[in-house]
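The values are calculated or read from the model by the stated rules, or taken from the named source; none is laboratory data. It should be emphasised that the depicted structure is a prediction, and the values quoted were computed from it without experimental measurement. Neighbour counts run over all protein chains shown; Cβ positions are idealised from the backbone, glycine included.
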Amino acid sequence: MNKEKYYITTAIAYTSAKPHIGNSYEIVLADAIARYKRLQGREVFFQTGTDEHGQKIEDKAKAAGVTPKEYVDGVAGQIKDICDRLNISYDRFIRTTDADHEKQVQKMFKRFYDQGDIYKGAYEGMYCTPCESFWTTSQLKDGKCPDCGRDVVEAKEEAYFFKMSKYADRLIEYINTHPEFIQPVSRKNEMMNNFLLPGLQDLCVSRTSFKWGIPVDFDDKHVVYVWLDALTNYITGIGFDAEGNSSDLYKKMWPADLHLIGKDIVRFHTIYWPIFLMALGEPLPKQVFGHPWLLQGGEKMSKSRGNVIYADDVADIFGVDAVRYFLLHEMPYENDGTITWDLVTERYNSDLANIIGNLVNRTIAMTNKYFGGVVNSTGVTGDCDEDLKAVVTAARDKITAKMDEMKCADGVNELLNLFRRCNKYIDETEPWVLAKDEAKKDRLSEVLYNLTESIIIGATLLKPFLPETAAKILAQVCDEEREYDKLSEFGLRENGKKVTDTPVILFGRLDAKDVEAKTEEIKKAQIAEYEKENGIVSSDESVIDIEPKEEVTFEDFEKLQFRVGKIVSCEALPKSKKLLVSQVQLGSKTIQVVSGIRSTYLAEDMVGKRVMVLENLKPAKLAGVISEGMLLCAEDEEGVLSLMVPDKDMPAGALIG
């Protein structure tokens, strides 16, 4: 019997630098989906990889004093190592420098040119090197790249262009008749209203101003430009051939069932990519899902601050499955998620150690203590048994429904509910009390059987998300994972089988102070690496020189009134990405202060702080809100802000002078 196929891809990671943990979310989510489909009996092909060409790579390689290929080999190796460390079950890790990919890109480019889809012209506009994107002046935001906010440069060069407008109407019709194609729906609306309906411009698909790219084989001045190179990996990686000799794998697996990508590159995957496929006469992928971002504590990640979180660092402290759990549990369906070291520690202790680890350990320990490790069903039931069984046997379908909707975090919660119910069952049945009464021995045996059976079902469902933990659980109960079709049945474990007599702690509780000490070491190492990369000579005390202002007299200074203020409440200003509005207590009065510190401080973290306030500043309106004073901050060369705070516990309103 032929299995139903499932082809899933991630976006390929750009090899400009080692990816942080926010980038790792996508690969872990894709892996959980791929593993869940395999659990369901699907024939899965899972592809990920690296995007390795472009001007940015050429520039970075030059700065590092190596060839572009040497540079991308190093970064691609780091990316693959992280995938392997996170136990990613990919079937192919494609690199856009792979010979089979480069050959097919050249073939496709020539085919498009021969069909009249590509023509030679010249491009003149504003160019963003980090994004590798051209923009017209009207598309810029405050004179900068509308995607990343960085500076752009004027550029003019000969280039080949793809006739996007030729296929635009056909794509609009396809999107309108295939509502599942772009998910979530908000991403679809954005693509239609902001890009397709206003009219598509032709796309630049070659460059002459740099050499690190796939050569256009019939015009050696040109290299293929990023998106025609990068996007086509989804078909070249499974054996597509532009001359009609595609592999059996391609014929079986295409179209892709899911392209899983970040929300920032939805435009390229739902406009450019479908049009390329239309021009090739190939089917479109069934779904493109633009997932949200994982942000580091609400602030920008920077090595200079030492606050970049990498997946391998988290795994060193908490273990691989704890990384996977956090990424899968914390990311909402559509909104951005947040990660901090403290939050990972909390989730590890509360969910993994207390709920899952504690359940398994207690069950095995009690089975060994009371029955020598032997698990038997006696049929002596109690009032809460049916409810336990109902929760356990319903879990499969609930998790499947959430996974089908791409709501993985909700699916993980449903699984956690199964383990929570088991812990509640222990509290309800009190096995330690039953053990004191020989007449209740059969009831005790049934309770431990029910727990063991529930754990087997739970561990099987856990396997796509936390594969190492699931395997350890099943090894400790001395059983195998269940077939998907049998996960809604209860009571399949054979009587008389033993559990392990040497239970292993799955997740030992961690001390927050120990974690903090380790993360401080990571922070110091990042700062040291940043200083080394940028030729910064460390000293005992860093310094910044600034332009001196005009001298003032003591009388001028006396006009300013500085006091210690206590933040009693704070909220982000909805209209602004920079401003926080704080209510600041100064003695017996409270003033309102608007501050441009949102890049560094979260509103909820401000409450309770004692800060330095310039009190007698003339009130002014900022973004339509009255500000009656000023919070004093220091700012480093990176733009990182630090509030000026007293080093002793001073009362609100204390005079500073």
Considering only residues that are touching a helix residue (DSSP H, G or I) at 6+ places or on another chain (Cβ under 8 Å) and among the hydrophobic types (A, V, I, L, M, F, W, C), look in the stretch 14-32 and name the one that is surrounded by the most Cβ atoms within 10 Å (Cβ to Cβ). 28
Restricted to the stretch 608-625, and to residues that are modelled with pLDDT under 90 and outside any loop (DSSP other than H, G, I, E, B), which residue is nearest to residue 562 (Cα to Cα)? 620
Of all residues making up the stretch 550-583, the number that are among the basic types (Lys, Arg) and more than 21 Å from residue 615 (Cβ to Cβ): 3
Can you say whether residue 578 is closer than 19 Å to residue 626 by Cα and without any contact (Cβ under 8 Å) to a residue 12 or more places away in the chain, as far as the supplied structure shows? no
For residue 152, state whether it is closer than 21 Å to residue 14 by Cβ, touching a residue at least 60 places away in the same chain (Cβ under 8 Å) and crowded, with 16+ Cβ neighbours inside 10 Å. no
Within the stretch 418-470, residues within 41 Å of the chain's Cα centre (by Cα), β-branched (Val, Ile, Thr) and more than 18 Å from residue 387 (Cα to Cα) come out as 460, 469
The number of residues in the stretch 471-481 that are crowded, with 18+ Cβ neighbours inside 10 Å and closer than 16 Å to residue 449 by Cα is 5
Within the stretch 326-365, restricting attention to residues that are closer than 27 Å to residue 517 by Cβ and β-branched (Val, Ile, Thr), which residue is surrounded by the fewest Cβ atoms within 10 Å (Cβ to Cβ)? 338
Select the helices (runs of 4 or more DSSP H) contained entirely in the stretch 307-417, then report the ones holding at least 3 residues which are of a type outside the set (A, V, I, L, M, F, W, C) and either touching a Phe, Trp or Tyr at 6+ places or on another chain (Cβ under 8 Å) or farther than 26 Å from residue 602 by Cα (or both). 320-330, 358-371, 385-404
Within the stretch 107-118, track down each residue that is part of a helix (DSSP H, G or I) and either among the charged types (D, E, K, R) or surrounded by fewer than 17 Cβ atoms within 10 Å (Cβ to Cβ) (or both). 107, 110, 111, 114, 115
Quick test for you: out of 128, 145, 204, pick the one residue that is in contact (Cβ under 8 Å) with a residue 40 or more places away in the chain and surrounded by 20 or more Cβ atoms within 10 Å (Cβ to Cβ). 204
Pull up the stretch 123-142, narrow it to residues that are farther than 27 Å from residue 52 by Cβ and part of a strand (DSSP E or B), then point me to the one that is modelled with the highest pLDDT. 141
When every residue in the stretch 49-77 that is of a type in the set (A, V, I, L, M) and in a helix (DSSP H, G or I) is compared, the one farthest from residue 153 (Cα to Cα) is 76
Filtered residues of the stretch 626-657 (kept if under 22 Å from residue 305 (Cβ atoms), assigned to a loop (DSSP other than H, G, I, E, B) and of a type in the set (Gly, Ala, Ser)): 639
Of the residues in the stretch 184-215, those that are modelled with pLDDT of 95 or more and part of a strand (DSSP E or B) number 2
